[in-house]
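This report refers to the structure that appears directly beneath it.
Quick note: the coordinates plus some simple rules give every number you see, no bench work behind them. Since we're looking at a predicted model, the values are computed, not measured. So basically every Cβ, Gly included, is an ideal-geometry build from the backbone, and we count neighbours across all protein chains shown.
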Amino acid sequence: MNSSKKQKLHIGLSTQSVWGGEDQLFLEGATIPPVSFNVAYGYENVEDWYDVATGKKQGHIYSRNTNPTTAILEEKMRLLDNAEACCSFSTGMAAISNTLYTFLTPGKRVISQKDTYGGTSVLFMDFLPARGVDVQLCDTSNFDAFEEAINKGCDVLYLETPTNPTLKIVDIKRLAVAAHAVGALVVVDNTFATPINQQPLALGADLVVYSATKFLGGHADALGGILSGEKKWVEQVFAYREINGAALHPMSAYLILRGLRTLEIRMLRHNDNAECIVRYLSDHPKIAAVFYPGIPTHLNHQIALDQMTGFGGVLSFSPKGDYTNVKKILESLKLVRLAAHLGSVDTIAGPPRTTSHVEASPEQRKKLGIPENLIRYSVGIENAVDLIADLDQALDQV
Ligand SMILES: *Cc1c(COP(=O)(O)O)cnc(C)c1O
């Protein structure tokens, strides 16, 4: 875990993503952080070891607890989130489950939304209830219902915005006020937006979690998770992670650090590309619907304008006709990988019906507002004209 009470400098996010945690020379003057594969750190004498173990001196003892490479990543993310403390995890799900398990002991109550990320939903529907936690899931866009549920009292309010795959936006500011009035902790999954497009802590959240596997790393080559927020809360989760054992591997920390150095320029390009593609698809006669928070016809466009500085690289759309058109379009696209991933430099697409939401029944998908012929499209950083030409030839096939 990395934390600081240092005076916050007003530095741009790109500057921060390049220099944050790296404004120093490393081993023998190295300008780039070494990957410290060490499991354990040796001491010349027992006193020094004792001082590090008791927190009197800075240092590392055992890499399940802390590691110099992961510490640099945590410092960079702490600065990008403008947080007091940050802790890394082996995966996004580890960040989410460790956080929820720390605060949701038996008898506690959590309120969340029906369409969180698939793995998170399983926690809410199976694992947490089995642990004796009272879980209430609200319709993502019904903020009155959220407030009503929160007003009855809860310990944690867990939000995810934008959502997968229809990019709904949750009003963080409004719901955080309601949650704080009943003494609840507010946790936001900011994976889709990243600190570049949305700053949940500034909007009232207490903690922000990420799958670093997606946009933060950005190159589809490392799994990881991040938790940022107030020190007293992050410390509690860190203590649980030390024992739970979900530490981030130093090599993955290095790859995510490398990805983060270009986070802002990548996100700005993802935002621009998505906007170009949304404009193209919205005008296309063979398209029935386009979902993207940046367009005025989107259900939550006004909230998106209020709380986001960019709308992200994920959009979804449904072609007219039935599912055979989805299959034909996806299989005709050349500049797209069909894969269970998003947030990478390359464009990735897939049909939620037979992938992320394959286990939901058609009725459940309908309730979640997911059309049967939806295509989720995670726009990469390629040239938008090429992606549009590719979509054009694929749509010609149907
Ligand atoms: C992928 C994802 C996760 C889980 O992250 P992993 O790194 O795959 O464990 C959590 N939340 C969201 C929004 C995601 O997209």
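Let me test this: with uniform point scatterers at the alpha carbons of the range 50-142, what is the Debye-based log₁₀ I(q)/I(0) at q = 0.22, 0.23, 0.26 1/Å?
Results for the range 50-142 at q = 0.22, 0.23, 0.26 Å⁻¹ read -1.09, -1.13, -1.25.
Grab the DSSP H runs of the chain that are 4 residues or longer, score each as -39,500 (n - 2.57), total them, divide by all residues and round the 222 nm result to the nearest 500 deg cm²/dmol.
Rounded to the nearest 500, the figure is -11000 deg cm²/dmol.
I'd like the projected area of the range 249-398, averaged over all directions, using the convex hull of its alpha carbons. Report it in nm² with one decimal.
Across all orientations, the range 249-398 yields a mean hull projection of 10.0 nm².
Calculated FRET efficiency, Ala288 and His180, Cβ-Cβ r, R0 35 Å, to nearest 0.05?
0.30
I need Cys276, Cys154, Cys87 ordered by Cβ neighbour count within 10 Å, fewest first.
Lowest to highest Cβ neighbour count: Cys276, Cys154, Cys87.
Sorting Glu147, Glu160 on the 10 Å Cβ count, fewest up front, what's the list?
Glu147, Glu160
Work out the FRET efficiency for Gln136 and Glu359 from their Cβ-Cβ distance, taking R0 = 30 Å, and round it to the nearest 0.05.
0.90
Pull out the extension gain between Lys57 and Asp221, defined as 0.36 nm times the separation in residues minus the alpha carbon to alpha carbon distance; nm, one decimal.
Extending this stretch completely gives an extra 55.6 nm.
If one computes P(r) from the Cα atoms of the range 154-278, what percent of pairs lie at distances over 21 Å?
46 percent
Name the trypsin sites (Lys or Arg not before Pro) in the range 277-385 that are in a loop by DSSP and that have at most 15 other C-beta atoms within 10 Å, would you?
Here the trypsin sites (Lys or Arg not before Pro) that fit, given the DSSP loop and packing criteria, are Lys286, Lys320, Lys334.
Can you spot the aspartates and glutamates whose alpha carbon is less than 13 Å from Lys334's alpha carbon? Ignore those fewer than 8 places along the same chain.
Cross-link targets: Asp346, Glu382, Asp386, Asp390, Asp392.
With a 10 Å Cβ neighbour count serving as the proxy for reagent exposure, in which order, fewest first, do Val234, Val208 appear?
The fewest-first ordering by Cβ neighbours comes to Val234, Val208.
Just to be sure I follow the rule: in the range 1-138, considering lysines 8 or more places apart or on different chains, how many pairs have Cα atoms under 26 Å apart?
Lysine pairs, 8 or more places apart or on different chains, close enough: 11.
On the first, second and third principal axes, largest extent first, how far apart are the outermost C-alpha atoms of the chain in Å?
For the chain, the Cα extents along the three principal axes come out at 74, 51, 36 Å.
Among the DSSP beta bridges whose two residues both lie in the chain, what percent are antiparallel, rounded to the nearest 5?
Within the chain, antiparallel bridges account for around 60 percent of the total.
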